[in-house]
Amino acid sequence: MILVSACLIGINCKYNGGNNYNLQVAELVRQGKAIPICPEQLGGLPTPRLPAEIKGGSARDVLEGTAAVVRMDGVDVTSSYVKGALEVLKLCKDVGIELAILKARSPSCGKGGVYDGTFSGRLVDGDGITAHVLMENGIRVITEYELTILDKGGGKLL
Ligand code: SF4
């Protein structure tokens, strides 16, 4: 079974109340091959909500308490992001998830690049909190962009 970011299948769980619909990802759910989750909602955050970014380090640093996830208005929302990540990990273990297709650049779901904490649109190398936790626990994570590349190349998902 595959896990996917809920916003990728058109669920309006994005911070601004919208979504990031992706036809390929939605098709996987329609075929019964994937289930959608939103770590930020699972962490107890409302929708819509103010955007947040990882500030002062990496996802690992956030988990070790030396960096934080901070909202645009300066409020520290680290605990909600960590809670959401751990809830998703629990679900992955319960369901036997081997692969997660997560939304690129999100402070929760991003993989390989996230915003730098200045809300200026600048990207830095790094992962979102949930993506990091899943990879640390042996779950393969790809973004929706990697899914497109895999698809075009005829690559296997599982
Ligand atoms: S936390 Fe992940 S699933 Fe939820 S809106 Fe953000 S990118 Fe989408």
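Rule-based calculations on the coordinates, nothing more; no lab input. What you are looking at is a predicted structure, and each value in this text was computed from that prediction instead of being measured. With ideal geometry, Cβ positions are generated from the backbone for all residues, glycine too; neighbour counts draw on all protein chains shown.
Quick notes on this one:
- Pairs with C-alpha atoms separated by more than 23 Å, drawn from the list 14/93; 14/156; 14/152; 111/152; 103/152, are 14/93; 14/156; 14/152.
- Prolate/oblate/rounded call for the chain, Cα gyration tensor, a/c under 1.5 rounded: prolate
- Across the chain, the longest run free of exposed loop sites, meaning trypsin sites (Lys or Arg not before Pro) lying outside DSSP classes H, G, I, E and B with no more than 15 other Cβ atoms within 10 Å, spans 34-121.
- Chymotrypsin sites (Phe, Trp or Tyr not before Pro) lying in DSSP loop within the range 87-158, provided at most 15 other Cβ fall within 10 Å: 119
- Considering only the chain, percent of DSSP beta bridges that pair antiparallel, nearest 5: 35 percent
- Anchor residue 83: aspartates and glutamates whose Cα lies under 20 Å away (excluding residues fewer than 8 positions away in-chain): 40, 53, 61, 64, 94, 127, 136
- Inter-site label distance for residue 90 and residue 152 at 7 Å from Cα along Cβ, in nm: 4.0 nm
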